[in-house]
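S.K.: One structure follows; several queries about it will come next.
The values are calculated or read from the model by the stated rules, or taken from the named source; none is laboratory data. Just so you know, these numbers come straight off a predicted model, no measurement behind them. Please note: Cβ atoms are built from the backbone with ideal geometry, for glycine as well, and neighbour counts cover all protein chains shown. Only protein heavy atoms, including side chains, enter the accessible area calculation; ligands, DNA and RNA are left aside. Shrake-Rupley method; radii C 1.70, N 1.55, O 1.52, S 1.80 Å.
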Amino acid sequence: LDMEFTGLHSTSLQNNEPSLFDSPAERYVKARQSVQRFTLVQLGLAIFSKENSNKYVVHSYNFFLFPSTLGIRDVEFTLSASSIQFLSHYGFDYNKFLKDGIPYMNEVQEKILRQHLLAGTWKVCSTSNADKDVLKKAIDEVTSWIAAAKEEDTMILQDLNGYHVLEVQLVLRQALENVWTEPLGDKKVMVKKVSPEHRQFLENSSYDHCQKKLILLSARGFTNLFQILVKAKKPLVGHNMLMDLMHLHDKFYRPLPESYEEFKRNIHNLFPVIIDTKTVIKSVQKKCLFPRISSLLEAYAVLCSSNLNPKGPPCPVIALASGCSRYAEKKSPHEAGYDAFLCGSVLLMSAHLLLCRSTDDAVEADPSFSQYLTVLAEHVNKVNFIRGGVSSINFSGEDAPCRHPPALIVHVRGWPGLTERQIYQEFKSCCRFDVRRLSENQFILLSNQYKQLVLRDYRHHPHLQVSVYRHWRHSPSVNCLLQISGIVALWSLLAFALGGTSSC
């Protein structure tokens, strides 16, 4: 699975950037605010099926998604300029997203729509999903025709795409009490002039293609497929998939809870087996001669090369199904369906490589997928955690304790009012540091690329003194404890001395 979004991290929220200081719970709070602001534009799903002894056939799909516009409340979302520019660079089709995106909704939105359907108070919130010109043209045609038409006369509306077929019918039925509509297929809708009494009879019959349950089914859109995936309980594979899982929860299941632990429990109940190829690749890099890579596509290219192929049985053959052959002929990075295909392929090839390196015994000529899952056991339900206190989030248990890289402490002298942002600007040319204020005149710097040059270059700075952070020496809580201990010890000493004097 892979997703593309309208943005990742909201810059309009204060202190929302990911930081090395973040614990998983702190990062979740930040990411939750961003997920609530942005939306999905595309979801890629690649289904790997083992066909014979050593061959997996892949059906890869691209779903353009757009929030459902059926209901009482409209949906708002934010666009990040950098994310839009990034997707545009890779040829993303925004017209398809806006005009033909498949609707979706979560359980809370569905409950509201269901209540309004039962009460008869539902409406089309907007026509973002159905071109306004299409609706206007259809209404104009029908109103012009119906004035001279007789009962039982019919006309055909043509060239209606996807969601238009439903919306045109709903709008016409709401506007005109003496028309009946039926979809004919091939982008057509039949409109018939009927009496209001006959219209009421038809609405209560089983022949109505706009029954409330069918409206709900249509409004739920991709959510129907999401629920099928949940019921299937198949291993769900992604790459750096924390944001993917948060959007899955928020858009198709329920609004993200405030509790980080509740979020983890919910995801684990929905998808008991999750595998993040980013955590798997980290393991492969440690155990095999695997070069450093910066993208999923690079990992795929390296694993496909002959240099890493084990001496044992060859890697499984991965073949795209006939309808998905475009991905075999052309690379399409950051197209969700293609990246989903890469995720599954990287997982299979990495698992095979780890299986062959994990034992001195000969590996079977046809390893089963359950054998691959066994060798991947330490990575199951461990989702990569970018720039933080842990390397991964554990969705089936407690997270590992946070361990931060060596820190530096900056003492400020003669530079009043210095902020974290100013400290960041001061040191960013040396290295990418994350900054956190320790006290009025002290700041902690954290980086994955700790550089001794900083200590050297700032040795004689007039206002900033930089040294290695020592918890026992620099922590305010430790200092406070030492001060209290010192006071207690002093009073004890005085009490002892005074007591000794009086006894003499």
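S.K.: Residue pairs, Cβ under 8 Å, 6 or more apart or interchain, first in the stretch 211-223 and under 17 Å from residue 181 (Cβ atoms), second at pLDDT 90 or above. List them.
M.R.: Cβ pairs passing all conditions: 218/103.
S.K.: Could you give me the residue pairs with C-beta distances under 6 Å whose first residue belongs to the stretch 417-429 and is within 14 Å of residue 439 (Cα to Cα), whose second residue is surrounded by 15 or more Cβ atoms within 10 Å (Cβ to Cβ) wherever it lies, and which are 6+ apart or on separate chains?
M.R.: Filtered contacts from the stretch 417-429: 418/412; 420/435; 423/435; 423/443.
S.K.: While we're on this one: Kindly check whether there is at least one residue in the stretch 266-277 that is open to solvent by 40 Å² or more (accessible area, probe 1.4 Å) and charged (D, E, K, R).
M.R.: No, the stretch 266-277 contains no residue that is open to solvent by 40 Å² or more (accessible area, probe 1.4 Å) and charged (D, E, K, R).
S.K.: If you take the residues in the stretch 195-210 that are open to solvent by 70 Å² or more (accessible area, probe 1.4 Å) and of a type in the set (S, T, N, Q), which one is nearest to the chain's Cα centre (by Cα)?
M.R.: By that ranking, first place goes to 206.
S.K.: Which of the residues spanning the stretch 247-274 are among the acidic types (Asp, Glu) and more than 20 Å from residue 386 (Cα to Cα)? Give the steps one after another, and end with the answer.
M.R.: Of the stretch 247-274, the ones among the acidic types (Asp, Glu) are 250, 258, 261-262.
Across the stretch 247-274, the qualifying residues are 250, 258, 262.
S.K.: If a residue has to be open to solvent by 20 Å² or more (accessible area, probe 1.4 Å) and either among the small types (Gly, Ala, Ser) or part of a helix (DSSP H, G or I) (or both) to count, how many in the stretch 158-194 make the cut?
M.R.: Number satisfying all stated conditions: 8.
S.K.: Another one. Which members of the stretch 393-408 meet the condition of being crowded, with 18+ Cβ neighbours inside 10 Å and either within 17 Å of residue 19 (Cβ to Cβ) or without any contact (Cβ under 8 Å) to a residue 40 or more places away in the chain (or both)? Working first, answer last.
M.R.: Start the filter on the stretch 393-408 by keeping residues that are crowded, with 18+ Cβ neighbours inside 10 Å, which leaves 393, 395, 399, 407-408.
393, 399, 407, 408 - these are the residues of the stretch 393-408 that are crowded, with 18+ Cβ neighbours inside 10 Å and either within 17 Å of residue 19 (Cβ to Cβ) or without any contact (Cβ under 8 Å) to a residue 40 or more places away in the chain (or both).
S.K.: So residue 141 fits all but one of (1) under 30 Å from the mean Cα position of the chain (by Cα); (2) modelled with pLDDT of 85 or more; what number is the exception?
M.R.: Status for residue 141: all satisfied but (1).
S.K.: Answer with yes or no whether residue 256 is hydrophobic (A, V, I, L, M, F, W, C), within 30 Å of residue 67 (Cα to Cα) and in a loop (DSSP other than H, G, I, E, B). If you could, list the steps in order and put the result at the bottom.
M.R.: Details: hydrophobic (A, V, I, L, M, F, W, C): yes; within 30 Å of residue 67 (Cα to Cα): yes; in a loop (DSSP other than H, G, I, E, B): yes.
In short, yes.
S.K.: Another question, then. Checking residue 423 against (1) open to solvent by 40 Å² or more (accessible area, probe 1.4 Å); (2) within 22 Å of residue 389 (Cα to Cα), which test does it fail?
M.R.: Looking at each condition in turn, residue 423 falls short on (1).
S.K.: From (1) modelled with pLDDT of 85 or more; (2) open to solvent by 70 Å² or more (accessible area, probe 1.4 Å); (3) assigned to a loop (DSSP other than H, G, I, E, B); (4) not assigned by the TED database to the domain that holds residue 6, pick out the condition that doesn't hold for residue 149.
M.R.: (2)
S.K.: Could you tell me which numbered condition residue 93 fails, if it satisfies all but one of (1) free of Cβ contacts under 8 Å to residues at least 40 places away in the same chain; (2) over 14 Å from residue 251 (Cα atoms); (3) surrounded by fewer than 15 Cβ atoms within 10 Å (Cβ to Cβ)?
M.R.: Going through (1) free of Cβ contacts under 8 Å to residues at least 40 places away in the same chain; (2) over 14 Å from residue 251 (Cα atoms); (3) surrounded by fewer than 15 Cβ atoms within 10 Å (Cβ to Cβ) one by one, residue 93 breaks only (3).
S.K.: Follow-up question, since we're still on this one. Between a residue in the stretch 335-347 that is in contact (Cβ under 8 Å) with a residue 24 or more places away in the chain and within 12 Å of residue 299 (Cβ to Cβ) and any residue that is acidic (Asp, Glu) and open to solvent by 10 Å² or more (accessible area, probe 1.4 Å), which pairs come within a Cβ distance under 7 Å, given they are 6 or more apart or on different chains?
M.R.: 339/2; 343/2
S.K.: Does residue 137 fit the bill of being farther than 20 Å from residue 70 by Cβ, open to solvent by 90 Å² or more (accessible area, probe 1.4 Å) and part of a helix (DSSP H, G or I)?
M.R.: Numbers: farther than 20 Å from residue 70 by Cβ: yes; open to solvent by 90 Å² or more (accessible area, probe 1.4 Å): yes; part of a helix (DSSP H, G or I): yes.
Taking the combined requirement at face value, the residue satisfies it.
S.K.: While we're looking at this one, here's another question. Can you tell me how many residues within the stretch 426-465 are within 31 Å of the chain's Cα centre (by Cα) and open to solvent by less than 80 Å² (accessible area, probe 1.4 Å)?
M.R.: Initially, the stretch 426-465 is screened for residues within 31 Å of the chain's Cα centre (by Cα), giving 428, 431-437, 444-450.
Narrowing further to those that are open to solvent by less than 80 Å² (accessible area, probe 1.4 Å): 431, 433-435, 444-447, 450.
Residues that pass the stated criteria total 9.
S.K.: Right, something else. On the basis of being on the phi > 0 side of the Ramachandran plot and either open to solvent by 40 Å² or more (accessible area, probe 1.4 Å) or at pLDDT below 95 (or both), does residue 233 make the cut? First the steps, then the outcome.
M.R.: On the way: on the phi > 0 side of the Ramachandran plot: yes; either open to solvent by 40 Å² or more (accessible area, probe 1.4 Å) or at pLDDT below 95 (or both): yes.
Yes: the conditions hold for residue 233.
S.K.: For residues that are farther than 25 Å from residue 59 by Cα, free of Cβ contacts under 8 Å to residues at least 60 places away in the same chain and not aliphatic (A, V, I, L, M), scanning just the stretch 348-388, find the one that is most open to solvent (accessible area, probe 1.4 Å).
M.R.: Applying the filter and picking the extreme gives 360.
S.K.: Of all residues in the stretch 231-246, which are over 20 Å from residue 388 (Cα atoms) and not in a helix (DSSP H, G or I)? Explain how you work it out, then say what you get.
M.R.: Step one: list which residues in the stretch 231-246 are over 20 Å from residue 388 (Cα atoms), which gives 231-237.
Residues satisfying the conditions are 233, 234, 235, 236, 237.
S.K.: Is it the case, given these coordinates, that residue 97 is not acidic (Asp, Glu) and not in a loop (DSSP other than H, G, I, E, B)?
M.R.: Details: not acidic (Asp, Glu): yes; not in a loop (DSSP other than H, G, I, E, B): yes.
Considered against the rule, which asks whether it is not acidic (Asp, Glu) and not in a loop (DSSP other than H, G, I, E, B), residue 97 comes out as yes.
S.K.: Quick one: residue 280 ticks every box in (1) surrounded by fewer than 19 Cβ atoms within 10 Å (Cβ to Cβ); (2) within 27 Å of residue 359 (Cβ to Cβ); (3) at pLDDT 90 or above except a single one, so which number is it?
M.R.: Every condition holds for residue 280 apart from (1).
S.K.: Continuing with the same structure: Quick check on my filter: what residues within the stretch 303-313 are at pLDDT below 85 and surrounded by 12 or more Cβ atoms within 10 Å (Cβ to Cβ)?
M.R.: At the first step, the residues of the stretch 303-313 found to be at pLDDT below 85 are 305-313.
Within the stretch 303-313, 308, 309, 310, 312, 313 qualify.
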